[in-house]
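Worksheet for the structure shown next.
The values are calculated or read from the model by the stated rules, or taken from the named source; none is laboratory data. In this text, all values refer to a predicted model and were calculated from it rather than measured experimentally. So basically every Cβ, Gly included, is an ideal-geometry build from the backbone, and we count neighbours across all protein chains shown. When the accessible area is computed, the model is the full protein with side chains, heavy atoms only, and any ligands, DNA or RNA have been set aside. Shrake-Rupley method; radii C 1.70, N 1.55, O 1.52, S 1.80 Å.
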Amino acid sequence: MAKEPHLLVEEGDVTEVALIPGNPDRVDRIADYCDDPELVSENREYRIVNAEYEGCELTICSTGIGCPSAAIAIEELHNAGVETVIRVGTCGGLQTNVEIGDMVVATGAAKEEGTSKRYESATYPAVPDYETLTSLVDAAEARGEEVHVGPIVSDDAFYNESDEYVEDWEAAGLLAIEMEAAAVFSLARRRGMKAGAICTADGNLVAGTQKGADSDEELPEKAKNNVGRAIALALDAVTRL
């Protein structure tokens with residue numbers, strides 16, 4: 001069997017469960033929480049590490065920015081034998097009570113992106129499976145962590161999220177915006193995989209703040225610290241799965 005052309009892996013190189021951050025650097029941060037990390041491959045925006053957490057083997061794979069590169073990762077992880085994926089990312093709050101540093105567990109993602117629509121109608125739901133969703137919520141409750149649980153939106157145009165769009169998303173009760181979950185959920189469902197997502201708010205579009213707005217660094221300090229808490233919850237969810 002030939003290696004997958006972008007992830008450079010084949011069946012046997014990865015485990016059944018994968019955590020999928022967008023940022024390749026976050027692969028290393030997640031691996032720091034684990035035992036015996038081993039770099040499997042690295043190509044373009046994709047970095048893959050295998051590790052162990054509390055006796056559970058897992059793969060950590062970055063997906064890059066946006067649904068197109070995330071879709072490639074899901075397709076190739078599936079081909080290599082991954083059965084469950086959990087997105088561990090960042091998002092922008094769309095409700096006033098979603099503050100910088102808060103964590104959001106998605107119950108679904110509105111398809112304000114183009115990739116999933118190449119696979120199916122926009123009317124088909126982009127949702128996590130119940131078991132993975134529940135594992136994330138239960139992990140938060142077990143640690144005494146507060147998380148927002150509800151629908152989010154995945155968008156393609158980071159620099160074109162106008163006031164009109166933001167107002168409409170807020171009125172619809174969407175908790176946050178990010179750039180990958182709709183494709184992750186949709187493709188996972190179509191490929192018979194399980195999927196979930198937990199994201200840390202790095203800004204709030206209703207309040208007029210986006211990542212990097214108040215600092216030379218990508219993430220505000222509070223979001224940077226709380227990404228670690230989201231990682232811990234995702235790893236705990238792996239043990240529950």
Quick check for you: with a 1.4 Å probe and neighbouring chains kept, what is the accessible area per residue of the chain, in Å²? 44
Calculate, in nm to one decimal, what Glu167 and Glu75 gain on full extension: separation in residues at 0.36 nm each, minus their alpha carbon distance. 29.7 nm
Given the whole protein assembly as supplied and a 1.4 Å probe, what does the accessible area of Lys224 come to in Å², nearest 10? 50
Can you list the cysteines of the chain that have no other Cys Cβ under 4.7 Å away? Cys34, Cys56, Cys61, Cys67
Rounded to the nearest 10 Å², the 1.4 Å probe accessible area of Cys91 is 10
Of the accessible area of the chain, with the probe set at 1.4 angstrom, what percent is carbon plus sulfur? 45
Can you pull out the GluC sites (Glu not before Pro) in the stretch 146-209 that DSSP calls coil and that have at most 13 other Cβ atoms within 10 Å? Glu146
Farthest toward positive dipole pole in the chain [+1 Lys/Arg, -1 Asp/Glu at C-beta], among Val104, Leu39, Gly81: Gly81
Taking R0 as 41 Å and r as the Cβ-Cβ distance between Leu8 and Asp129, the FRET efficiency 1/(1 + (r/R0)^6), rounded to the nearest 0.05, comes to 0.90
Rounded to the nearest 10 Å², the accessible area of Arg189 at probe 1.4 Å: 90
